Amino acid sequence: QKEVEQDPGPLSVPEGAIVSLNCTYSNSAFQYFMWYRQYSRKGPELLMYTYSSGNKEDGRFTAQVDKSSKYISLFIRDSQPSDSATYLCAMRTAGGTSYGKLTFGQGTILTVHP
Amino acid sequence: NAGVTQTPKFRILKIGQSMTLQCTQDMNHNYMYWYRQDPGMGLKLIYYSVGAGITDKGEVPNGYNVSRSTTEDFPLRLELAAPSQTSVYFCASSLYTTEAFFGQGTRLTVV
């Protein structure tokens, strides 16, 4: 079983839609949760960063972490064509034998059409 | 700040050849990573390092080697290149548990 599972999509939505992206994980030691956005032929860039459970909002983006269910989500409101990209979840532990290791999900390809 | 710099950007290797992918960062980050990304796939961790002189294997280390003699540099060595190593390679760095910054990638083709 992979440590981090992410539905690869692809996901296609009309402009203005609310997008929901999700990841599940199996390692209960994960404490730091991130969402990265990757445009075609570019390196990933950080979109959201959260520590432990809870919600975090930044403009049109909201990240949610539910540690009891080992489930994280990214919501995009009022989606725009410029949001078309691959979205990757990433997680790391706070310590232990694999401290420092940063594990990514498979990535979800999102297309927002006008 | 240049951030994370990877060289070369593109490379074609013949089967059995060797090469080193260079990665350097100027942010004084202690953690550094090497990932590979196959088409339509996520990032698979090859090796990582939590500081100079310390390296550890990720998910897919076979066929690769790394060293970390300085804080700034984290080269990835491919010995005896195989077609299965055709991929895009990303180097990244972070300061402890903060966000990781990525380079622009090296596109490697093994023929």
(message) Charges at C-beta only: +1 for Lys and Arg, -1 for Asp and Glu. How large is the resulting dipole of the protein assembly as shown about its Cα centre, in Debye rounded to 20?
(response) 480 debye
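Select from segment B:35-110 those chymotrypsin sites (Phe, Trp or Tyr not before Pro) which occupy a DSSP coil region and have at most 16 other Cβ atoms within 10 Å, ordered by residue number.
B:TYR96
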(message) Roughly how far apart, in whole Å, are the Cα centres of segment A:8-33 and segment B:57-82?
(response) 30 Å
(message) How large is the Rg to Rh ratio of the protein assembly as shown when both quantities use alpha carbon positions and Rh follows Kirkwood?
(response) 0.97
(request) Quick one: plug the Kirkwood hydrodynamic radius of chain B (C-alpha pairs) into Stokes-Einstein at 10 °C, 1.306 mPa s, and report D in µm²/s. (result) 115 µm²/s
(message) Using a Gaussian network model on chain B with a 10 Å cutoff between Cα atoms, which of B:GLY40, B:GLY63, B:GLY53 fluctuates the most?
(response) B:GLY40
(request) Pick out, in residue order, every one of the trypsin sites (Lys or Arg not before Pro) in segment A:1-57 that is DSSP loop and has at most 14 other C-beta atoms within 10 Å; say none if there are none. (result) A:LYS2, A:ARG41, A:LYS42
(request) Distance check, please: which entries in A:LYS67/B:LYS44; A:LYS42/B:LYS44; A:LYS2/B:LYS57; A:LYS101/B:LYS44; A:LYS67/A:LYS101 exceed 21 angstrom between their Cα atoms? (result) A:LYS67/B:LYS44
(request) Count, for each residue of A:103-111, the Cβ atoms from other chains sitting within 10 Å of its Cβ, then give me the mean as a whole number. (result) 3
(message) Given Cα positions, please report Rg to Rh for segment A:1-65, the hydrodynamic radius being the Kirkwood one.
(response) 0.96
(message) Over chain A, what is the relative contact order in percent, taking alpha-carbon pairs closer than 8 angstrom and at least six residues apart?
(response) 36 percent
(request) Taking all pairs of distinct Cα atoms, average 1/r, flip it, and tell me the Kirkwood hydrodynamic radius of segment A:14-114 in Å to one decimal place. (result) 14.0 Å
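Taken together, the values in this text are just the output of simple stated rules run on the coordinates, not laboratory data. These figures come from a predicted structure and were not determined experimentally. Cβ: placed from backbone, ideal geometry, glycine included. Neighbour counts: every protein chain shown.
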